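What follows is a set of notes on a single structure, which appears directly below.
The values are calculated or read from the model by the stated rules, or taken from the named source; none is laboratory data. Please read all numbers here as calculations on a predicted model, not as lab measurements. No Cβ is skipped: glycine too gets one built from the backbone with ideal geometry, and neighbour counts run over all protein chains shown. For accessibility, only protein heavy atoms count, side chains too; no ligands or nucleic acids. Shrake-Rupley method; radii C 1.70, N 1.55, O 1.52, S 1.80 Å.
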Amino acid sequence: MANVQCLQIDETLHLTPIAAESVVEACSRPDARVWLDLQDFTPSELEGWLDRLDFTGLTRQLCLEARGRPGYYPLKNEIFFVISFLAAAGAQREVEYVGIICRENLLFTLHNGPLEGRGRRDKMQYSESWLADRSIAALVAAVMIDLSLTCLQHTADLRSSALSLYERIDRDPDAVKVDEIVDIHSRLMTLGMVVSDQLPAVQAMSTTDKPFFQRKAAQEYMNCAMVNLGAAQGALGRLDNKISDLRAELQMRAQEKTNHRLSVLTVFSAIFMPLTLMAGIWG
């Protein structure tokens with residue numbers, strides 16, 4: 001069964017829970033500002049919510065078919081975009097995708113795996129501090145800032161892992177395996193993909209002129225998300241170069257060890273070759 005969370009922004013910018021059965025009625029009020037978050041759903045559950053919320057045509061088709069394809073889709077009466085994010089899966093992080101639909105009075109997010117980053121649920125009670133105003137644009141901007149901060153944190157973790165490998169190589173080159181470097185590089189490529197998915201979406205939202213998407217008050221927040229993602233992208237590029245250098249250094253050290261062993265074998269061969277020759281001649 002899907003995990004459904006329904007919230008609305010009140011006049012004091014507090015996010016207050018509402019019953020799932022009341023979402024449709026709340027969305028019928030022009031002054032409502034509702035966030036419906038649908039997690040770990042089945043196709044039939046998604047279709048049921050699309051019916052109740054009156055999503056038809058291309059919007060409905062995109063929700064059903066494009067949730068695994070990152071992209072930004074400006075429609076006539078909605079904004080729909082898909083981005084990737086890192087969801088916790090035990091001790092590991094897996095790439096998941098979230099579809100985000102924006103109407104004037106509704107934010108609809110649908111995804112597998114937990115979307116919130118850095119304890120967003122724990123900060124719900126302080127929503128008046130991080131919501132720019134009472135609008136869906138402000139809510140989306142806050143979600144994107146949260147996801148961008150998560151990317152920055154993962155970037156910092158990767159940097160720490162790379163520095164730790166550098167220190168270990170300096171102390172004992174034989175203690176570091178190539179698989180460890182390959183693992184860090186794989187994590188870097190995954191995070192780089194997530195950042196490259198999120199950044200264009202924020203850039204597109206920050207320039208949209210849709211009348212139902214009131215981004216003016218939330219512009220500063222969107223700029224912050226862009227700065228965070230840009231910083232993560234630049235740091236990942238520099239880290240990629242360092243990891244490539246680290247891998248080259250480890251391979252060079254391995255080649256030096258191989259060359260040393262070959263030189264030792266050459267010396268032994270030179271010593272024993274005359275004896276082998278004499279034994280071959282005189283038996």
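Scanning the stretch 184-218 for residues that are in contact (Cβ under 8 Å) with a residue 24 or more places away in the chain and among the polar types (S, T, N, Q) yields T190, S196, Q198, T208, Q214. Can you say whether R29 is among the basic types (K, R), touching a residue at least 60 places away in the same chain (Cβ under 8 Å) and in contact with an Asp or Glu (Cβ under 9 Å, 6 or more places away or on another chain), as far as the supplied structure shows? Against the criterion (among the basic types (K, R), touching a residue at least 60 places away in the same chain (Cβ under 8 Å) and in contact with an Asp or Glu (Cβ under 9 Å, 6 or more places away or on another chain)), R29 does not qualify. Among the residues of the stretch 228-237, the one identified as free of Cβ contacts under 8 Å to residues at least 40 places away in the same chain and either farther than 21 Å from T155 by Cα or surrounded by 14 or more Cβ atoms within 10 Å (Cβ to Cβ) (or both) is G230. In the stretch 191-211 there is at least one residue matching the filter, namely being over 20 Å from G71 (Cβ atoms) and of a type outside the set (D, E, K, R). How many of the residues making up the stretch 122-141 are buried (at least 20 other Cβ atoms within 10 Å of the Cβ) and either at pLDDT 90 or above or β-branched (V, I, T) (or both)? Looking only at that region, the number is 7.
Scoring A175 on the criteria (1) within 18 Å of I145 (Cβ to Cβ); (2) in contact with a Lys or Arg (Cβ under 8 Å, 6 or more places away or on another chain) leaves a single failure, condition (1).
Scanning the stretch 243-257 for residues that are of a type in the set (S, T, N, Q) and modelled with pLDDT of 65 or more, which turns out least open to solvent (accessible area, probe 1.4 Å)? Of everything passing the filter in the stretch 243-257, S244 is least open to solvent (accessible area, probe 1.4 Å). For the stretch 217-224, the condition holds for no residue, the condition being that it is small (G, A, S), more than 19 Å from the chain's Cα centre (by Cα) and exposed (fewer than 15 other Cβ atoms within 10 Å of the Cβ). Residue check: is D240 open to solvent by 60 Å² or more (accessible area, probe 1.4 Å) and either modelled with pLDDT of 65 or more or within 28 Å of the chain's Cα centre (by Cα) (or both)? When the stated conditions are applied, D240 does not pass them.
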